[in-house]
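These notes concern the structure reproduced below.
Coordinate-derived values only; no laboratory data. Small disclaimer: the values here were computed from a predicted structure and weren't measured. Every residue, glycine among them, receives a Cβ derived from its backbone with ideal geometry; neighbour counts consider all protein chains shown.
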Amino acid sequence: MNEPYSATAPMELPTVPHKDRSGGLVAFGVMTLLLGVLAGLFVPLMFLGQSMAAKVNHTPTDFSLIMPAIGIYGIMAVVLVWLGIGSIKARRWARALMLIFSWSWLVTGVIAVTVMAFVMPKILAGLPANAAPGQPAMPPEAMAAVLVGSFLIYGVMFVVLPAIWTIFYQSRHVKMTCERRDPVPRWTDACPLPVLGLCLWLWISVPMLLILPISGHGVMPFFGVFLTGFPGTVFCLVMAGLWACAGWLLYRLDSRGWWLIFIAMCVFMVSGGLTFARHDMLEMYQLMNYPKAQLDQIQQSGLLEGNRMSWLMSLSAVPFLGYLLFIKKFLRPNG
């Protein structure tokens, strides 16, 4: 399961009939590259949007609030361009990473659209009550059109497109084409793709955690209270170290990495549950110095009021823990 492999010696592959998908790899590679360019364009647009929002709300421009999103879009732009080029060249590592990316895109998209189904009607329902004096409220037909249009756009972008990417890169013919054109073992061959996917997510979380002390002022939930400032920063650094270590151990199929992430997640679930059972999510955003306009929008959705965040955390942790149990079979029992 974890045999040593050479990074230079070509693999001896059995002769298996398959259709050459080089053309499809080029087409999907070009589309992936264009997605990377689009993600890169969001970086300056977010800076512009933050500046315009500050002028409209007459508040100081605080770019630290959008640093996590800027980091995500920046990383996505670089990674997607890199993967697009790899797919065009039919590299086996690109096919493996594209499959992980497309599955992650699909799963997060389904979750986002599901959450949107609960949040959007609440936001639109509150618009008439918040309309400015003399300004007509949005008619019900317009609200319905906005809902339908939003679901269609988000459904295509975050469900249909990733499903197409997943089906293509999951194909046996695509896999065989990449292995024939790139017979040299790559670092993505060192462990099964389900394990590699979790490792990559853990490693991507590390820079995000390192940005949090700047963008979120070190505010972190901790067993019934919110850590701020220096204690919160230390907590973020500890979490980043745990995630990096767990990712490396899992990549080596060391079961100690699995136990590390499993225990850490259970502790963080209990900590977050206790905190949000006593405090509102809006309190956390206030400590993070979110603008009042954004706090009003969050409050208007009603999703994060009271102890709903506790339930949301518990429900979101169930599929993750299930995934941990699924990949445990790939690991060495004795580390």
* With each label point set 7 Å from Cα along the Cα-Cβ vector, what nm distance links V119 and F230? -> 3.5 nm
* K89 versus E141: modelled label distance in nm, points set 7 Å from Cα along the beta carbon direction -> 5.6 nm
* the stretch 74-121 and the stretch 218-242: distance between their alpha carbon centers, rounded to Å -> 29 Å
* Efficiency of FRET from Cβ geometry, M265 and S150, R₀ 41 Å, rounded to 0.05 -> 0.80
* Burial ranking of peptide ranges 74-87, 145-158, 267-280 (average Cβ count within 10 Å, highest at the top) -> 74-87, 267-280, 145-158
* Do any of K19/K329; K19/K328; K19/K89 go past 26 Å between their Cα atoms, and which? -> K19/K329; K19/K328
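For V110 and L282, compute 0.36 nm times the residue count separating them, minus their Cα-Cα distance, and round to one decimal in nm. Could you put the intermediate results ahead of the total?
Numbers: separation 172, 0.36 × 172 = 61.92 nm, distance 2.53 nm.
Length difference between fully extended and current span is 59.4 nm.
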* To do: Starting from the Cα of A244, step 7 Å toward the Cβ, then list every residue of the stretch 199-226 with an amide N under 17 Å from that point.
  => 199-214
